[in-house]
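*Asks:* Next up is a structure, given as C-alpha cells.
Read-outs: derived from the displayed coordinates by stated rules, not from any lab. Everything numeric in this text was worked out from a predicted model, so none of it was measured. No Cβ is skipped: glycine too gets one built from the backbone with ideal geometry, and neighbour counts run over all protein chains shown.
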Amino acid sequence: MDPDGNFDGNTITVKWNPVELAVKYLVRIEQCQTEPCQPVYDEIITNTNTTRLEMTDQDKFGPCTFYSLQVIAEDSNNYRLSKETKMLIKNDNECNQHLHIIIGVTLSILVLLALLLLFAILFLLAKKSNGKDTKSSI
C-alpha cells in the first residue's frame, strides 16, 4: 500500500496504492504529541477506486505535531489483507511559521526605535549647535 501523507497548511492529503481483493480501506490518523497517540480522524472507505483522502481541520492539524497514519485494507469477509503505518510531521516551514512572524515584528520595532533614537540625537545636536551660535554673537 505504501501510504503517504502531505500537509498544506491545515489540510492533509493521504494517498496509498490499491490492494488486490480489497473492498474497503480503514484510514486512521492519530496525533502523537502525548503518549499514547490520540485519534483525530477515522474513515472507512468502501469505494475501492479511492486511494486518496483529503481533510482540512485547523484544530486537529496544528504546527510542529507528529501524526501516525494507518491504512488497513480488508476484503469482503472483513479479513485484513494489509496494514501499514507511517509517521508524519509538518515541514519546518509550517513549524516555524509563528517564529518567523515574531522575529520579523521584533526586528521591525527595533529598527524603528533605532531610527527614532538617531533622529532624537541629531535634533539635540542641531539644537545645541544653534544655541552656541546665538551665544557667541551676543
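*Asks:* If you average the sequence gap of Cα pairs under 8 Å that are 6 or more apart and divide by the length of the chain, what percent do you get for the contact order? Don't jump to the answer; show the numbers that get you there.
*Replies:* Details: 211 pairs, mean separation 31.9, N = 138.
Taking the mean separation of contacting Cα pairs over the length of the chain, I get 23 percent.
*Asks:* Under a straight-distance cross-link criterion of Cα-Cα below 24 Å, which lysines are reachable from LYS127, leaving out those fewer than 8 residues away in the same chain?
*Replies:* The qualifying lysines are LYS135.
*Asks:* Just list whichever of LYS60/LYS90; LYS24/LYS60; LYS15/LYS83 have alpha carbons separated by over 19 Å in the model shown. Numbers along the way, then the final one.
*Replies:* Numbers: LYS60/LYS90 12 Å; LYS24/LYS60 25 Å; LYS15/LYS83 14 Å.
Over 19 Å Cα-Cα: LYS24/LYS60.
*Asks:* Largest first and in whole Å, what are the equivalent-ellipsoid semi-axes of the chain based on the Cα gyration tensor, each being the root of 5 times an eigenvalue? Mind showing how you got there, number by number?
*Replies:* On the way: eigenvalues 829, 29, 17 Å².
In descending order the semi-axes read 64, 12, 9 Å.
*Asks:* Within a Cβ distance under 14 Å of THR51, other residues only, what is the Lys/Arg minus Asp/Glu net charge? Don't jump to the answer; show the numbers that get you there.
*Replies:* Numbers: positive: LYS15, LYS24, ARG52; negative: ASP2, ASP4, GLU20, GLU43, GLU54, GLU84.
So the surrounding residues net to -3.
*Asks:* Hey, can you grab everything whose amide H is under 5 Å from the amide H of VAL23? Only 5+ residues off in sequence or another chain; H modelled, so Pro and N-termini drop out.
*Replies:* Sorted by chain and number, the residues that satisfy this are GLU74, ASP75, SER76.
*Asks:* Right, here's the next one. Between 0 and 90 degrees, rounded to the nearest ten: what's the tilt of helix 97-136 against the longest Cα principal axis of the chain?
*Replies:* The two axes meet at around 0 degrees.
*Asks:* Here is a further query. Note the full-extension length gain between GLU84 and ILE121 as 0.36 nm times their separation in residues minus their Cα-Cα distance, in nm to one decimal. Kindly include the intermediate steps, with their values, before the conclusion.
*Replies:* Numbers: separation 37, 0.36 × 37 = 13.32 nm, distance 6.69 nm.
6.6 nm is the gain from fully extending GLU84 to ILE121.
*Asks:* Provide the net charge surrounding LEU26, with neighbours chosen by a C-beta distance below 10 Å and charges set as Lys +1, Arg +1, Asp -1, Glu -1.
*Replies:* +1
*Asks:* If you average 1/r across every pair of different Cα atoms in region 1-42 and take the reciprocal, what Kirkwood value do you get, in Å? Intermediate values should be presented prior to the final figure.
*Replies:* On the way: mean 1/r = 0.0827 Å⁻¹.
Evaluated over region 1-42, this radius sits at 12.1 Å.
*Asks:* Quick one: if the Förster radius is 25 Å, what FRET efficiency do ILE103 and THR13 give, using the C-beta to C-beta distance and rounding to 0.05? All intermediate terms of the calculation are to be shown ahead of the outcome.
*Replies:* Details: r = 30 Å, r/R0 = 1.18.
Taking R0 as 25 Å, the efficiency between ILE103 and THR13 is 0.25.
*Asks:* While we're here: Using the basic label-point model (7 angstrom from Cα toward the beta carbon), what is the LEU112 to THR48 distance in nanometres?
*Replies:* Placing both labels 7 Å beyond Cα along the Cβ direction yields 6.2 nm.
*Asks:* At 222 nm, what helix-only mean residue ellipticity would the chain give, in deg cm²/dmol to the nearest 500, using -39500 (n - 2.57) for each DSSP H run of four or more?
*Replies:* Working: 2 runs with 44 residues, N = 138.
Taken over the chain, the calculation gives -11000 deg cm²/dmol.
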